[in-house]
Amino acid sequence: MTGKFITLEGGEGVGKSTQARALAEALRAHGLDVVETREPGGSEGAEAIRRLLLEGSADRWGARAEALLFAAARADHVEKTIRPAIAAGKWVVCDRFLDSSIAYQGGADGIGGDNIRALHRVGSDGFLPDRTLLLALPSVEATARAAQRDHGIADRIGGRDATYHVGVAAVFEQLAIAEPGRYRRIDALGSPAALTARLIAAIGDLLP
């Protein structure tokens, strides 16, 4: 049986990490072997790059260096973790992937989506998810949730100003419209359990 690759995307505070865990558990309840992972990270090399990306001052890296680091981390993640798991028949649930780089570095940082995709073609052979679930919230609600979190090492990027994150959200919406075959836009309001049910419904056509 061939595995599947599912990614969760969205801006700060929409609940991606919580829902990635919940979705993985729900898939296991369906009898599937599931690997939970994240970006940046998910392999030994990518976790080392994660620390470089998310720790330190806001100006530690320029936008171009940041984009290259994300692409390098993703290349290792795909090669060492994602592709082997799928080849073994496992489902992979990932908190962020290429689309985050397109939205953050490509859009809000001005590098350009085509340039991010070019890096991805070199680093990861253009590898894409079977389904991308975009968790969407009104900006006021997302900002309030993000403010309540324990930010930790995510502050370097997550802590950027509201204008930056509005730009990120706008690119995600554009991506969802441009790729309806891969994307499903999910309303992230309501209880966590209700949101998990929406996620399961959005991948129902992929379930065995």
Task: Simple Cβ-charge dipole of the stretch 5-206, Lys/Arg +1 and Asp/Glu -1, about Cα centre, in debye nearest 20 - done: 200
Open item on the list: Just want to confirm a number: the relative contact order over the chain, from Cα pairs under 8 angstrom separated by 6+ residues, in percent.
Closed with: 32
TODO: Could you pull out the longest piece of the chain with no exposed loop trypsin sites (Lys or Arg not before Pro) in it, calling a site exposed if DSSP puts it outside H, G, I, E, B and it has at most 16 other Cβ atoms within 10 Å?
DONE: 61-148
TODO: Determine, for 5, 70, 127, the number of other Cβ atoms within 10 Å of each Cβ, and report the residues in order from fewest to most.
DONE: 127, 5, 70
TODO: Would you order 109, 125 from fewest to most other beta-carbon atoms within 10 Å of each residue's own beta-carbon?
DONE: 125, 109
Task: For the stretch 5-206, Kirkwood radius (reciprocal of mean inverse C-alpha pair distance, Å) - done: 17.0
Task: Listed residue (48, 194, 134) projecting farthest to the positive dipole end of the stretch 5-206, Cβ model - done: 194
TODO: Could you list 33, 205 in order of exposure, starting from the residue whose Cβ has the fewest other Cβ atoms within 10 Å?
DONE: 205, 33
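Laboratory data are not the source of any read-out in this text; all were calculated from the coordinates shown. Bear in mind the structure is a predicted one, so any value in this text is a computation, not a measurement. Cβ coordinates were reconstructed from backbone atoms using ideal geometry, including for glycine residues, and neighbour counts include every protein chain displayed.
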